[in-house]
Amino acid sequence: MTAELNSILDRAVMCIVHVRQWGATQKDNEAGAELANAHGVTEAAYEVTRHLIDPKHLKEIDRQASRIRKFVQVESQPWTDGNGRLLPNERVPGFVMGLQDLIDTFDALADQFVVDLPTIYAESPLVVAGKVDVDDLLSPEQARARFYVDLRIRPIPSGSDFRVDMSSDLMKAIQQDCEDNLKEAAKLATLESFSRMRKVITTMINGLERHGIKLEGAARSQYLTEASVSNVVDLVGILDTLNIADDPNLTRIASDMRTSLIMFDADMLKDDPNLRDTVTINAKRVLKDVDAATEGLGGFFGIGGES
């Protein structure tokens with residue numbers, strides 16, 4: 001196994017986070033059949049889903065679930081099969097603590113929801129109209145069991161994890177498959193880091209170039225925001241731990257960002273046009289370097305929404 005692959009095994013673990021929610025919906029076969037008959041097609045052509053309660057009652061839980069998924073996406077890196085994420089060892093304690101805070105809020109919202117559920121049922125348009133019997137709906141206890149977050153952290157699988165008797169050819173095939181997965185994971189993790197760099201640098205450049213400029217038709221001038229600078233600072237602070245594959249280009253560009261992009265805060269850049277010009281030139285150079293570094297990795301396609 002190469003040094004690059006051993007680096008991943010030594011510096012990261014796999015985390016799997018499942019967020020489960022109850023949508024309070026139900027398939028309406030009768031409505032589906034009516035639509036099919038009205039359009040002269042088979043019943044299989046239409047599938048109608050009805051809301052058993054007003055969706056507004058689930059909105060806050062849905063938002064919290066989205067926050068959890070976003071947190072996991074930001075704090076970890078992709079794994080090849082989509083069932084887990086790579087998590088640098090140094091980030092595990094902070095990850096677990098941060099995730100637990102989000103889960104606590106998720107659980108509190110779910111607890112309050114089921115307390116209110118009898119009243120929510122009573123106000124449901126379907127119940128009021130007599131189309132649904134409350135006794136046929138989930139009890140508060142059953143509904144509560146539909147809301148949970150499951151976290152699992154485990155070692156990254158490698159070809160040496162198998163202890164069962166098998167032929168040497170089969171063992172070699174399994175080991176090769178694990179190594180191929182690790183190679184792909186190294187590529188994906190590095191690409192995602194580059195994608196994050198590209199996103200924050202592009203936003204910074206836009207803010208620097210448009211500061212104080214009022215575009216045609218705009219109600220007011222645009223300004224460099226604190227976030228467009230602080231997001232670069234925050235990313236630079238974690239790039240070393242995200243570089244689980246020890247990619248030399250990632251290390252080099254992160255160092256360049258440290259010395260050429262984050263020496264000045266947003267207020268300093270707003271006040272000094274010459275400083276803005278200098279940092280803009282630096283940012284464009286770094287961005288060009290990021291794009292060049294990804295050429296041999298297959299570009300940004302499918303990573304972080306880039307194409």
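Can you tell me how many residues within segment 138-153 are among the β-branched types (Val, Ile, Thr) and in a helix (DSSP H, G or I)? Can you show your working first?
Our first condition is that a residue be among the β-branched types (Val, Ile, Thr); within segment 138-153, this holds for 149, 153.
Subset that is in a helix (DSSP H, G or I): none.
Residues in segment 138-153 being among the β-branched types (Val, Ile, Thr) and in a helix (DSSP H, G or I): 0 in total.
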- [ ] Being in contact with a Ser or Thr (Cβ under 7 Å, 6 or more places away or on another chain) and among the aromatic types (Phe, Trp, Tyr) is the filter; apply it to segment 257-307 and report the residue that is modelled with the lowest pLDDT.
- [x] PHE301
TODO: Starting from residues that are acidic (Asp, Glu) and more than 19 Å from ASP62 (Cα to Cα), keep the ones in segment 107-140 and report whichever is surrounded by the most Cβ atoms within 10 Å (Cβ to Cβ).
DONE: GLU123
TODO: Can you give me the number of residues within segment 224-249 that are in contact with a Lys or Arg (Cβ under 9 Å, 6 or more places away or on another chain), surrounded by fewer than 19 Cβ atoms within 10 Å (Cβ to Cβ) and farther than 22 Å from VAL279 by Cβ?
DONE: 2
Task: The one condition in (1) in contact with an Asp or Glu (Cβ under 9 Å, 6 or more places away or on another chain); (2) surrounded by fewer than 14 Cβ atoms within 10 Å (Cβ to Cβ); (3) modelled with pLDDT under 90 that SER221 fails to fulfil - done: (1)
Open item on the list: Just checking: which of the strands (runs of 3 or more DSSP E) contained wholly in segment 20-137 hold 2 or more residues that are within 25 Å of ILE244 (Cβ to Cβ) and in contact (Cβ under 8 Å) with a residue 40 or more places away in the chain?
Closed with: 85-88
TODO: Please work out which residue is nearest to GLY23 (Cα to Cα), limiting yourself to segment 69-88 and to residues that are surrounded by fewer than 19 Cβ atoms within 10 Å (Cβ to Cβ) and touching a helix residue (DSSP H, G or I) at 6+ places or on another chain (Cβ under 9 Å).
DONE: PHE71
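The values are calculated or read from the model by the stated rules, or taken from the named source; none is laboratory data. Quantities reported herein were computed from a predicted structural model and do not represent experimental measurements. Counting neighbours? That spans all protein chains shown, and the Cβs are built from the backbone with ideal geometry, glycine included.
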